[in-house]
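Pasting a structure here, questions to come.
The values are calculated or read from the model by the stated rules, or taken from the named source; none is laboratory data. Computed from a prediction, not measured in an experiment: that's the story for all the values here. Positions of Cβ are backbone-derived with ideal geometry, glycine not excepted, and every protein chain shown enters the neighbour counts. Areas reflect the complete protein model, heavy atoms only, side chains present, ligands, DNA and RNA absent. Shrake-Rupley method; radii C 1.70, N 1.55, O 1.52, S 1.80 Å.
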Amino acid sequence: MNLNSVKNVKLPNAGPLGALAKVVVIGGVGLYGAMNSLYNVEGGHRAIVFNRLVGIKEEVYPEGTHFMIPWFERPVIYDVRARPNIVESTSGSRDLQMVRITLRVLTRPLPDMLPTIYRTLGENYADRVLPSIVQETLKAVVAQYNASQLITQREVVSREIRRILHERAAGFNIALDDVSITNLTFGREFTAAIESKQVAAQEAERAKFVVEKAEQDKRSAIIRAQGEAKSAQLIGEAISSNPAFITLRKIEASREIANTVANSQNRVFLNADSLLLNLQDMHIEDVHLASPQKSKK
């Protein structure tokens, strides 16, 4: 086979279709480059860029649209807003009581230190750091207090935990906006002891109330007896000085009984003498006449 004849073979001209294919390929490459050379950083976020040649760049990009070289660079976007993290720990107090504490921690990365955070901790920095430092801090702080002090001095314990966690988290370039104890649970033995103490206190208060009530009843009985004795004395003096006093009481009793019978819907026929309604037999005029004669004597 003659190689010179092979080299001199002329390919057919693609014509308009070949030109169109070139335009499509160039346009597709340009469109891909345009679409992958821009990225957006949303509000409350920051971005760093990883370059295939130099690694992580030191610049931190703020919110907005930014340019990058397609394929050679890719953005790593961090949420720099405070996020809540719930951590639970079971620790022993100074009096050897087991305490279960639930801690709520608001954390956020330091924006200027995002390249360092990515190199040392990666994107899930909170999951790698918080459980260990929170567990260690809680065990160290709880061991300094008795179980009863954890209840009565809860704010002091919370401030101590917050102070230590701030120092520990700063070493990992993490900021703590808030640390609070959301739940505090003790073991069964301590809970039973507290309940027994509360029951004893309630029984003591109840016994104290019974004693005070008996004392008040005693005073009321004395005052009531004194009042009844004084009332009997005054009634006796009134009867001895004025016989018409009994007649006046009978008239008042008759008036009350008459009003009760009149306002009742039932119609009852009873003896007027038994109801003190027969005022004609009381000899009221004789009583009035007897009183002046007694006074004249």
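Give the accessible area for D217 in Å² (nearest 10); use a 1.4 Å probe, count only protein heavy atoms, and leave out ligands, DNA and RNA.
Its heavy atoms expose roughly 80 Å² to the probe.
How high is the FRET efficiency between E63 and M35 when r is their beta carbon distance and R₀ equals 25 Å, given to the nearest 0.05?
After rounding, the FRET efficiency stands at 0.75.
Would you grab the residues whose amide H sits under 5 Å from the one on I56? Only those 5+ places off in sequence or on another chain, please, with H modelled 1.01 Å from N.
Under 5 Å from the amide H of I56: N51.
Moving to a separate point now. At 1.4 Å probe size, what's the solvent-accessible area of K197? Round to the nearest 10 Å².
Its accessible surface works out to 150 Å², give or take rounding.
Need one word for segment 83-186: rounded, prolate or oblate. Basis is the Cα gyration tensor (sqrt eigenvalues a ≥ b ≥ c); a/c below 1.5 gives rounded, then a/b vs b/c decides.
prolate
I'd like the FRET efficiency for I56 and A200, computed as 1/(1 + (r/R0)^6) with the beta carbon distance as r and R0 of 51 Å, rounded to 0.05.
FRET efficiency, I56 to A200: 0.20.
Decide, for segment 23-79, between rounded, prolate and oblate: order the square roots of the alpha carbon gyration tensor eigenvalues as a ≥ b ≥ c, take rounded if a/c falls under 1.5, and otherwise choose prolate if a/b is larger than b/c, else oblate.
Note, shape of segment 23-79 comes out oblate.
Put a dot 7 Å past each Cα toward the Cβ at S241 and E215; how far apart are the dots in nm?
4.0
Treating the beta-carbon of each Lys and Arg as +1 and of each Asp and Glu as -1, no other charges, what is the dipole magnitude of segment 23-79 about its Cα centre, to the nearest 20 debye?
Roughly 220 debye, rounded to the nearest 20.
At R0 = 35 Å, how high is the FRET efficiency between V261 and I223 if r is their beta carbon distance? Nearest 0.05 is fine.
After rounding, the FRET efficiency stands at 0.50.
Enter the accessible area of T185 (Å², nearest 10), with the probe set to 1.4 Å and all protein chains included.
60
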